[in-house]
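Below: one structure, written as structure tokens.
The values are calculated or read from the model by the stated rules, or taken from the named source; none is laboratory data. As the structure is a prediction and not an experimental result, all values here were calculated from the model. We place every Cβ from the backbone using ideal geometry, glycine too, and count neighbours over all the protein chains shown. The accessibility values were calculated without ligands, DNA or RNA, using every heavy atom of the protein model including side chains. Shrake-Rupley method; radii C 1.70, N 1.55, O 1.52, S 1.80 Å.
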Amino acid sequence: MIARVITDIALDREFDYLIPAALENSIRPGSAVDVPFGNTTRNGYVLEVAASSCYDANKLKELTGLSSRRAGIPEKLITLGKWMAEYYCATQEHAIRTLLPAAVRSGRVKSLVSRIFYIPDQKAAEKYILDNADAKRVVKRIEVLKLMFKLREGTLTEISGHPEYSPGAFDALRKAGIIAFREETLRRDVFGETEVVPDKPLPPTPDQQKALAMVNDIMDKKVPQHVLVLHGVTNSGKTEVYLQSIANAIARGKSAIVLVPEISLTPQTVRRFRARFGNQLCVLHSRLSDGERFDEWNRINSGEAQIVIGARSALFAPLHNLGLIVVDEEHEASYKQSEAPRYMARDVAVMRGKMEDAAVILGSATPSAESLYNAKQGKFLLCRMAAQVADKTKPVIRIIDRRLDPLPEPGTSNLFSPALIDAVQERLERAEQTILFLNRRGYARSLSCPACGYEARCPECSVNYNYTYSRRREILSCHLCGAVIPAPQSCPECGSQDIHYHGSGTEKLESCAHGVFPGARIGRMDSDTMRSSADYEVVLDKFRRGQLDILVGTQMIAKGLHFPGVTLVGVINADHGLSMPDFRASERTFQLLTQVAGRAGRGDRRGEVIFQTSKDSEVLHFASELDFEGFEKFDLEFRQMLNYPPYSRLIAILFRGEDEALLANYAASFAAALEPYKHENIRITPPAPAPIEKIKNKYRYLMTVRGTGLKTIREAIRILALHRIHPKGIDIAVDVDAQYLM
Ligand code: ADP
Ligand code: ZN
Ligand code: ZN
């Protein structure tokens with residue numbers, strides 16, 4: 001028999017090896033093997049086991065053996081990995097690599113093992129004492145034995161903590177076999193010491209019953225579809241549907257995965273799942289140590305844990321007998337991986353569900369156009385949950401057109417409209433809380449000198465993007481490459497002291513808020529102030545306890561946080577984002593605004609929301625009415641008219657290199673090579689400088705391929721990008737179903 005093996009070097013090629021007779025029964029797709037490669041031995045994974053090879057069998061080498069240190073990959077995941085490599089135009093080894101956490105793949109992390117000491121034979125122990133009655137220090141041995149009889153068993157740390165313990169006597173007893181030990185694998189505790197009070201399923205509302213029945217129908221194969229789009233506003237009880245559907249899957253002897261965006265994988269979220277499922281639950285997120293990740297993975301792979309909650313990569317948890325995958329906030333762009341393989345976790349979840357006969361729930365308050373389209377086409381089921389569980393009035397949302405506001409006095413900030421100032425003032429008087437939202441961090445966006453026309457820009461990056469200025473740290477930072485320089489005190493070109501900062505971010509918003517609302521207690525949450533998850537908890541905790549009146553922040557505060565005291569949300573720049581050169585700009589803005597608006601009035605008081613804008617836009621009107629269906633219709637019509645996804649598929653190809661002429665040339669030849677694969681339903685936008693045309697001295701050219709029936713051209717793109725030699729210094733990133741065209 002032959003094993004097709006992919007090794008850890010990036011060649012996107014499988015190599016055939018003979019399987020030694022002794023291993024015929026133990027090698028299967030997914031097995032971790034060691035193989036001879038040139039003069040060395042390499043790590044590999046078996047992709048396929050075949051009867052014959054197209055190479056001369058006499059020249060094939062035998063594989064060395066199964067790896068003793070690395071775990072294999074479940075066979076079904078190998079199939080998924082192969083599909084990802086093909087569909088996302090990635091190399092096989094990149095795809096295989098994503099299936100396993102590095103901690104498992106490396107073979108370097110080991111289980112934590114602890115020794116438990118005990119007395120294997122009580123009679124022998126007693127006899128030993130009699131036989132050694134005249135030995136020196138026998139008194140101490142008797143003391144130790146008495147202690148062991150009392151404790152029955154324990155780790156050395158536990159035992160040595162007692163006054164009867166003496167190391168010499170303990171060792172003598174161990175050598176004589178009177179005290180023995182066994183090894184136990186310890187689980188590194190990912191939950192810390194916190195206790196969670198178990199809870200019980202709530203009696204479902206009619207909406208929830210409907211959704212639960214649909215998921216059961218899928219699991220029981222009563223419907224042809226295997227995906228349910230669960231559309232319900234925040235608080236409509238989606239999470240409770242997830243929890244009960246998982247319980248239904250477990251009752252059927254199946255396992256389940258819950259994906260949440262990394263940012264909402266907060267301790268509160270995890271606590272809710274733990275309260276229901278206790279130790280059956282595993283957590284996978286980016287803050288785990290290698291050891292913790294290794295343990296969690298093994299707990300899943302061994303079948304000890306049946307439920308996994310985690311961010312994007314938890315999708316590849318090695319569960320056996322998978323029954324359900326939940327993708328919460330399915331519209332989130334963060335489900336797209338930005339490195340190869342550039343997979344969309346939501347779509348891969350749908351694929352894994354299909355391959356493993358599992359139900360998939362795509363839940364969101366604002367489902368993506370793609371998912372709604374699939375529901376419209378009848379490929380997915382759709383369930384809308386209209387009512388909020390706690391019957392609560394919708395917030396009042398007002399749009400304030402800043403162009404109609406009186407001009408600010410010179411030298412004063414223009415961040416607050418008079419309407420917003422009044423509204424905040426009211427909250428302060430009534431001891432209620434306010435959230436002010438601005439989707440930009442930093443103090444200012446640009447620095448210029450009116451005297452000579454100088455504008456500060458990162459010399460290595462795009463000319464369309466400016467530095468972000470942080471006044472507290474007195475630095476300019478480039479948000480494209482991360483470069484940081486000290487903020488100049490005078491113009492670097494002409495020396496003028498009169499330099500100007502323009503544009504604003506959360507840092508400035510906070511400082512202006514102090515000026516406009518003296519005495520108010522103000523906190524800020526953005527990536528500048530939140531250095532660790534502890535910072536995050538501290539600020540949220542203060543706000544929750546009512547120790548802050550105003551919370552200023554970026555989209556970090558937009559996500560699913562529950563603050564009963566908040567009755568006002570002010571969005572400083574509601575139209576920010578609408579001008580992005582991206583067909584998803586409307587969708588993202590709508591999602592963000594409705595999500596932010598959802599932060600107001602979650603207690604028993606009616607909330608108020610103010611969208612400040614300097615632009616007229618239908619999107620803002622739909623958002624201000626919380627009219628998802630109106631928006632959905634508007635957005636789908638627009639996308640259909642221009643033949644954008646979901647009416648077509650889109651592949652973005654990004655070329656990067658330092659030599660712009662060479663890059664432009666190469667990109668053009670790449671596009672030309674695709675010409676033969678074009679057909680009437682395919683449109684190719686030829687390579688041109690990307691909206692961000694340079695990062696870190698690398699020029700960026702973008703081309704897109706859009707249409708239907710893309711399979712053949714996608715295969716051609718894959719081969720051109722991965723297997724054709726391209727000029728040194730140029731790299732190509734293929735992004736199938738790209739989320740951002742920047
Ligand atoms: P979503 O995930 O849509 O935001 P949740 O499932 O978190 O909604 O539910 C919102 C609130 O309503 C939670 O506090 C939850 O405990 C409560 N809740 C959900 N379902 C029920 C139910 N069937 N009966 C009573 N309370 C419920
Ligand atoms: Zn100057
Ligand atoms: Zn830069």
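Based on C-alpha pairs under 8 angstrom that are at least 6 apart in sequence, region 19-168 has a relative contact order of 17 percent. The value of relative contact order for the chain, using C-alpha pairs under 8 Å at least six residues apart, is 11 percent. Overall shape of region 79-187 was characterised from the C-alpha gyration tensor. The equivalent ellipsoid obtained from it has semi-axes of 52, 12, 10 Å, in decreasing order.
Given 20 °C and 1.002 mPa s, compute D for region 150-260 with the Stokes-Einstein relation, Rh being the Kirkwood radius over Cα pairs; round to the nearest whole µm²/s. Before the final figure, lay out the partial values.
Numbers: Rh = 19.4 Å.
Translational D for this selection: 111 µm²/s.
When the P(r) of region 121-175 is calculated, the portion above 15 Å amounts to 42% of the C-alpha pairs. At a Cβ-Cβ separation cutoff of 4.7 angstrom, cysteine residues of the chain with no neighbouring cysteine are Cys54, Cys89, Cys282, Cys383, Cys481, Cys512.
Helix 711-723 and the longest principal axis of the Cα set of the chain meet at an angle near 70°. According to the calculation over all Cα-Cα pairs in the chain, the P(r) per 10 Å bin from zero is 2, 11, 18, 22, 20, 13, 7, 4, 2, 0, 0 %.
Please work out whether region 453-544 counts as rounded, prolate or oblate from its C-alpha gyration tensor, where a ≥ b ≥ c are the square roots of the eigenvalues and a/c under 1.5 means rounded, while otherwise a/b larger than b/c means prolate and anything else oblate? Cα axes put region 453-544 in the oblate bin. For the residue pairs Lys110/Lys696; Lys508/Lys615; Lys82/Lys200, the alpha carbons lie more than 29 Å apart in Lys110/Lys696; Lys82/Lys200. Over region 596-742, Cα pairs under 8 Å with separation of 6+ residues give a relative contact order of 28 percent. Treating cross-link reach as a plain straight distance, find the lysines whose alpha-carbon is under 20 Å from the alpha-carbon of Lys394, omitting any fewer than eight places away in the same chain. Counting by Cα, and skipping residues close in sequence, Lys394 has these lysines nearby: Lys238, Lys559. Split the chain at each of the GluC sites (Glu not before Pro) in a DSSP loop with at most 10 other beta carbon atoms within 10 Å, and the longest piece is 340-679.
Rolling a 1.4 Å probe over the protein heavy atoms gives the chain an accessible area of 46 Å² per residue. Taking other residues whose beta carbon is less than 15 angstrom from the beta carbon of His320, and scoring Lys, Arg as +1 and Asp, Glu as -1, yields +2.
Counted by Cβ distance under 12 Å from Cys461, the other residues give a net charge of +3, where Lys and Arg count +1 and Asp and Glu count -1. Element breakdown for region 76-188 at a 1.4 angstrom probe: carbon and sulfur atoms account for 52% of the accessible area.
What Kirkwood radius, in Å to one decimal, follows from the Cα pairs of region 562-635? Could you put the intermediate results ahead of the total?
Values: mean 1/r = 0.0788 Å⁻¹.
Evaluated over region 562-635, this radius sits at 12.7 Å.
Per the Kirkwood formula applied to alpha carbons, region 313-447 shows a radius of gyration over Rh ratio, Rg over Rh, of 1.13. Taking a straight Cα-Cα cut-off under 16 Å and skipping sequence neighbours fewer than 8 places away in the same chain, the lysines within cross-link reach of Lys221 are Lys254, Lys354, Lys379. Working note: Debye formula, equal point scatterers on the alpha-carbon atoms of region 1-94, no solvent; log10 I(q)/I(0) at q = 0.14 Å⁻¹ is -0.46. Listed by chain and number, the aspartates and glutamates placed with their C-alpha closer than 14 angstrom to that of Lys222 are Asp357; residues fewer than eight positions away on the same chain are left out.
With n ≥ 4 as the cut-off for DSSP H runs, can you work out [θ] at 222 nm for the chain, using -39500 (n - 2.57) per run divided by the number of residues, rounded to the nearest 500? Mind showing how you got there, number by number?
Values: 21 runs with 230 residues, N = 742.
Only helices count here, giving -9500 deg cm²/dmol.
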